[in-house]
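Working notes for the structure below.
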Amino acid sequence: MRNPYKSHMALLGLPYKTILGESSTKTVKGEKLGFLTGIVYLVPDTKLCPHAKLAGCLSACLNTAGRGAFNSVQNARKSKTEFFYNSQQAFLLSLCADIWTLQNKAKKLGFIPLVRPNGTSDIPYENLPVIDGKNIFQLFPDVQFYDYTKH
């Protein structure tokens, strides 16, 4: 079956970009327990994390921890962050395409799909409609989402 979100993007003439990452030390540990996890890592700033200054965590953010210390990882995160700012609709549809793929992969493996949309950000995805006024949580009711927030 073809990814419906990629098809929708093609009809709209929007570019697709991989948003959801599946390979980190945290996600690999979850696979041993039957979970397939995808996480969105961006470069945090005061717009993506509006309460970070108040919480005192912007300078201490885990953005550069672990693999985040590598230039290639930072460049990828910067590219995704710019994609979010410059083409939010394409970003959100790309995220949906990735969630759809993760959900199907998890089903084939007999795993539970998990998505953490804010690995290094604090975006209120519940307020961002993607298709027909629905947000990512409404579009994927069978995916378990989890998040940490300063809101």
Enumeration of residues in segment 131-140 that are in a loop (DSSP other than H, G, I, E, B) and surrounded by fewer than 14 Cβ atoms within 10 Å (Cβ to Cβ): ASP132, GLY133
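Residue-by-condition table, conditions (1) modelled with pLDDT under 95; (2) open to solvent by 70 Å² or more (accessible area, probe 1.4 Å); (3) assigned to a loop (DSSP other than H, G, I, E, B):
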{"position": "MET1", "(1), (2), (3)": "yes, yes, yes"}
{"position": "SER7", "(1), (2), (3)": "no, no, no"}
{"position": "TYR16", "(1), (2), (3)": "no, yes, yes"}
{"position": "SER23", "(1), (2), (3)": "yes, yes, yes"}
{"position": "LYS26", "(1), (2), (3)": "yes, yes, no"}
{"position": "LEU42", "(1), (2), (3)": "yes, no, yes"}
{"position": "LYS47", "(1), (2), (3)": "yes, yes, yes"}
Does segment 141-151 hold any residues that are under 17 Å from LEU48 (Cβ atoms) and either of a type outside the set (Val, Ile, Thr) or open to solvent by less than 20 Å² (accessible area, probe 1.4 Å) (or both), and which are they? ASP147, TYR148, LYS150, HIS151
Say we look at segment 93-130 and pick out the residues that are among the aliphatic types (A, V, I, L, M) and either open to solvent by 10 Å² or more (accessible area, probe 1.4 Å) or not in a helix (DSSP H, G or I) (or both); which of these is farthest from VAL40 (Cα to Cα)? LEU109
Taking the conditions exactly as written (under 17 Å from VAL115 (Cβ atoms) and not β-branched (Val, Ile, Thr)), does LEU33 satisfy them or not? yes
Please specify each residue of segment 76-92 satisfying the condition of being open to solvent by 60 Å² or more (accessible area, probe 1.4 Å) and at pLDDT below 95. LYS78
If you check LYS53 against the conditions, is it open to solvent by 60 Å² or more (accessible area, probe 1.4 Å) and at pLDDT 85 or above? no
Among (1) on the phi > 0 side of the Ramachandran plot; (2) within 13 Å of the chain's Cα centre (by Cα), the one test that VAL115 misses: (1)
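The values are calculated or read from the model by the stated rules, or taken from the named source; none is laboratory data. These numbers come from a predicted model, not from an experiment. We place every Cβ from the backbone using ideal geometry, glycine too, and count neighbours over all the protein chains shown. Accessible surface is based on the protein model in full, side chains and every heavy atom, while ligands, DNA and RNA are left aside. Shrake-Rupley method; radii C 1.70, N 1.55, O 1.52, S 1.80 Å.
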